[in-house]
1. Provide the gained length on full extension for the span M481 to T675, in nm with one decimal, where the gain is 0.36 nm per separating residue minus the Cα-Cα distance.
2. Do the alpha carbons of any pairs in K78/K169; K495/K539; K622/K665; K325/K392; K78/K190 sit beyond 19 Å of each other, and which pairs?
3. Which of the three applies to segment 265-350, rounded, prolate or oblate, going by the alpha-carbon gyration tensor with a ≥ b ≥ c and a/c under 1.5 meaning rounded?
4. Under a crude label model (7 Å from the Cα following the beta-carbon direction), how far is T180 from E597 in nanometres?
5. If amide hydrogens are placed 1.01 Å from N in the peptide plane, which non-local residues have theirs closer than 5 Å to the one on L510?
6. With θ set to phi - 60° and the Karplus curve 6.51 cos²θ - 1.76 cosθ + 1.60, what are the ³J(HN,Hα) couplings of segment 530-543 in order, to the nearest whole Hz, using x for Gly and Pro?
7. I need the shape label for segment 4-307. Rule: rounded when a/c is under 1.5, else prolate if a/b > b/c, else oblate, with a, b, c from the alpha carbon gyration tensor.
8. Residue separation times 0.36 nm, minus the C-alpha to C-alpha distance between D664 and T272: what's the value?
Amino acid sequence: MPALRLMTFNVQLPSMVMAIGQGQDDSAAERAKSVTDAILALPLRDRPDVIAFNEVFNEDARKVLLQNLPAVWPNVVKKVDDGGAGEDSGLMLFSRLKFLMLPTLSPLFPANEYFYSTYVASAGPDAGARKAVAMVRVDTQGQPTTILFTHTQASYDSDNGENRGERRKQLDQIIEFVKTALGPSDADWKNVILVGDLNVKGDPDAVTNEWNEVFKSGQVELGKLFQDGWREHMHPPVSLDERDPGFTQRDTSTGQLNRFDYQCFKIIEPKTRQLVPHHMFQRLREISDHWSQEARIQLFSANCTPATAIDFLALPPVFVGPVTKAQSQARIAAVNVQHEGACQWLYVARPGTYSLFRDVGFELAMFGEGDLTNPLLRLDSISTAELPADVKAGLNRSTGLDPKGETIVTRTPFFIRARSKTEIGKGACKVAILTHRGESREMAIALLPHVEVDPQLPEGQTLGDDDRCWFRADIPTKFDMQPHTATFRLANRAKVPVTLTAEDAGSTPLLAPSPSASPEILAPLTSSGALDRVFLVLKRAALTDIQFTMLWKSPLTFMRLDKPLRLHIDDETGPDAIGDDTLRLDLTVDSEHLFTETWDNADAGEDWPDLQKKIRDVATAKNGGSVVSEIAFSSEISIGAIKLDGIAAHGSVVDFIRGLDEFDKDTEVRKASLTIVDPAGDGQITFACTLSKFPAGHG
């Protein structure tokens, strides 16, 4: 069967009655258009085949989905509704694959393309909607796949423990429903997947034991039959802990991140008969309070998931050259893509600088172990012709490798995903990785800000031909395009004589050679304002000198545009039930204006619409159209807000978010809380953004 690309997405489309009850404006139709635009903009190869939506309660929003998606996904479950009082289930499904008739084993489920069962148990606000579980069977060629999609009982407390009993009853009803509908046939149970917002908190921040009770205790039948795809398969092969927590939801009032959305897979023995997620990820993060949960699904085979990845550094290196010389090392792994659209995974347990090559006809993507959604950025391209002769000779032992490779640098361990360049391609593939030792400019060890690097100089051997160790730093551009000084510190713990030099990309010297035995050698280099690439070269006096580390001390902080950024209306001015506010927001980074916009419909409990995307679009335009993932600054972000409606313009307020310093964490969410003064009653807004000491794309 081909790979199945499956998305579940709680799109937060309340009915007008629900929106008014929550004190919010009815913007569901606009959000639905944003949802369809975002899905249609996904790369063709990685568009989902099936999309299961939660919380489509708004009829105007439903019409928008039906107007925009069926051209690509023509098979539709428009509404799951038993016709009772109150809201329907909010479930909706679109499929590119045709629906197949489900078995008719029970008079409760006459012949149809989809079945459903409305939950009996419910509590709190959820009781106003007729939540349900529904079932369709899609034509995954040769081996039909049955998809259960649902949205179970929510909690409304900070610990997510409320209404746990009702949720448990609904999970039990799911199993009763599927057993009744499918009966005992192994063929009907073979490819069954359960997806949706289960409202079970499954990330490492959970303070209840509900996930364990559902999936591991043996007390809940659902956990005996299905496994949590994320927890089971999206972790390194060396640990059971998922380094990427798989968050799928952000609480709009507190900013707390949660994993509530699931794709659960039927447990079948032998394992080679199981459908498993070869890759899971969350791409759409800015439209709803939930993020899309997506998976590429195929039959199990060796090394097809991150959890079963090859431990690359455990493979023996390809040794070439004399034993008196150390140099960059190559390792080569052979993998086998056994099924159409399948993945093969490798895991590199050590941060560093690496160049990667693969067979013609295959492609690689690298992911930091803490982010399985956003690939690592390519630092550079590289050709085997550029490699030192001995290193090139080692790679040439493996025929079929494309001579064009790519270089990355990462501050965390990382995964390599290999797959065919086409959806139907499969077969054997070799992957080669060079670990950079720094013996030449081409094999330079890349530096990242604030990451101290031990070049691991060989004791008693020369490094390369001339025993010089090269480092490389790509000094980023500040948003205001002003120069700044990056300081490079060579720690010389043994206080032995050593020489540090520097040059630019054109080999122009930037730092005169000056031998020193100082315990710390500083090289301050001032950027031109644009991106600057510099090389630093360490030359030791003796082959026994190995106690050196290099550190790039950067004055920059990065406001990340690929992580949560929002302005939240905590309390609008005046009585919340009467009208809404008109606000203007002004953002300045260092001394450079970034963003200005007016919002004439600001209600308590809402976020400024599409703020993260709009800021990213502005920064991208300033960058000449190249998409940016962060904004670099050295001093502060200024947040200004003013209330424009009312008798006269009033309520102007400004606050600041400072850059990170050496005592701060590597990544922090920073907030500025602004009080807008108004005679009718003060308002409160909170601007929150994610700051990092590191640029995006490097783990």
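Rule-based calculations on the coordinates, nothing more; no lab input. This structure is a prediction, so every number in the text was calculated from the model and none was measured. Note that each Cβ is placed from the backbone with ideal geometry, even for glycine, and that neighbours are counted across all protein chains shown.
1. Working: separation 194, 0.36 × 194 = 69.84 nm, distance 3.20 nm.
Extra length available between M481 and T675 comes to 66.6 nm.
2. K78/K169; K622/K665; K78/K190
3. oblate
4. In this crude spin-label approximation the distance works out to 4.7 nm.
5. A502, E503, D504
6. Running phi through 6.51 cos²θ - 1.76 cosθ + 1.60 with θ = phi - 60° gives 8, 4, 10, 9, 10, 10, 10, 10, 9, 10, 8, 8, 9, 5 Hz.
7. On the way: a/c = 1.23, a/b = 1.13, b/c = 1.09.
Since a/c stays below 1.5, the shape of segment 4-307 is classed as rounded.
8. 136.4 nm
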